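Contents: one structure, followed by commentary.
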Amino acid sequence: MGVKYLFVIRHGETEANAAGIDAGPLDYPLDKKGKKAVEYLSKTLSKIKMSAVYTSPVRRAVQTGEILARPHDLKVKTINELTEAKIKPQFVGTGTRLHILTDPEAFEETYEQLEKRTLRAISEIRNKKKGNVIAVSHGDPLMALLHYVVERKIAKNRHFVIHPEPGSLSIFDLTERRPKLILFNYHRKQFADF
């Protein structure tokens, strides 16, 4: 049996997230708020046995993965397919937040290509390990995974975007052929107002 549960985390918040900047491949580190949110998730997941931690190679994702791996004494392994959607160079670092579904002309890959590479990464993880695994990625790849799992049919020019918050956790059951979503967008901020 391969991976049982996949604990998918969107990297913690960065200055770019807070400012609404599309960072793409730029190496923004986690900010204070982002580190705090990931530390919260790390503590939450520390009692669950994990067999591996995989991340996008981008700094904010690796930093997030290192925090999550620490209680499990695991090394972070990077997978290129978990990186953010490939935005065109002229839009990287701008003050505009773009989404691959609503602004496809701003990207070097199509939504279908993004979904395929994200699913390849999940398949690679699923085939390499057993037990529970953590995967850290970015907003658009996680959105593509979520849309695939909940079978969102995307009509031409109509989009309902399921997008996880920075530093949030979603859990997928991988025991069946098709993944099942168990938990979506769990994060520390959810409980701040109670």
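The values are calculated or read from the model by the stated rules, or taken from the named source; none is laboratory data. Just so it is clear, the model here is predicted, and its values are computed rather than measured. All Cβ positions, glycine included, derive from the backbone under ideal geometry; neighbour counts span all protein chains shown.
Per-structure values
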item: Answer residue from segment 109-132, given it is touching a residue at least 40 places away in the same chain (Cβ under 8 Å), out of contact with any helix residue (DSSP H, G or I) (no Cβ under 6 Å at 6 or more places or on another chain) and part of a helix (DSSP H, G or I) and is surrounded by the fewest Cβ atoms within 10 Å (Cβ to Cβ) among those; result: Asn127
item: Ile182 being at pLDDT below 95, surrounded by fewer than 17 Cβ atoms within 10 Å (Cβ to Cβ) and part of a strand (DSSP E or B); result: yes
item: Given (1) of a type outside the set (Val, Ile, Thr); (2) crowded, with 23+ Cβ neighbours inside 10 Å; (3) within 26 Å of Lys180 (Cβ to Cβ), number of the condition Asn17 does not satisfy; result: (3)
item: Pick from segment 89-103, criterion surrounded by 14 or more Cβ atoms within 10 Å (Cβ to Cβ) and over 16 Å from the mean Cα position of the chain (by Cα), ranking: nearest to Glu176 (Cα to Cα); result: Leu101
item: Residues that are over 17 Å from Leu169 (Cα atoms) and either part of a strand (DSSP E or B) or touching a residue at least 60 places away in the same chain (Cβ under 8 Å) (or both), drawn from segment 18-33; result: Ala19, Gly20, Ile21, Asp22, Ala23, Gly24, Pro25, Leu26
item: Within segment 75-85, tally of residues that are part of a loop (DSSP other than H, G, I, E, B) and surrounded by fewer than 18 Cβ atoms within 10 Å (Cβ to Cβ); result: 1
item: Exclusive hit being modelled with pLDDT under 90 and either more than 14 Å from the chain's Cα centre (by Cα) or farther than 26 Å from Leu74 by Cβ (or both), set Glu151, Glu124; result: Glu151
item: Thr64 of a type in the set (Val, Ile, Thr) and in a helix (DSSP H, G or I); result: yes
item: Flag for Pro57 being part of a loop (DSSP other than H, G, I, E, B) and out of contact with any helix residue (DSSP H, G or I) (no Cβ under 7 Å at 6 or more places or on another chain); result: no
item: Only listed residue being at pLDDT below 95 and either of a type in the set (Lys, Arg) or crowded, with 18+ Cβ neighbours inside 10 Å (or both), chosen from Ala61, Ala106; result: Ala106
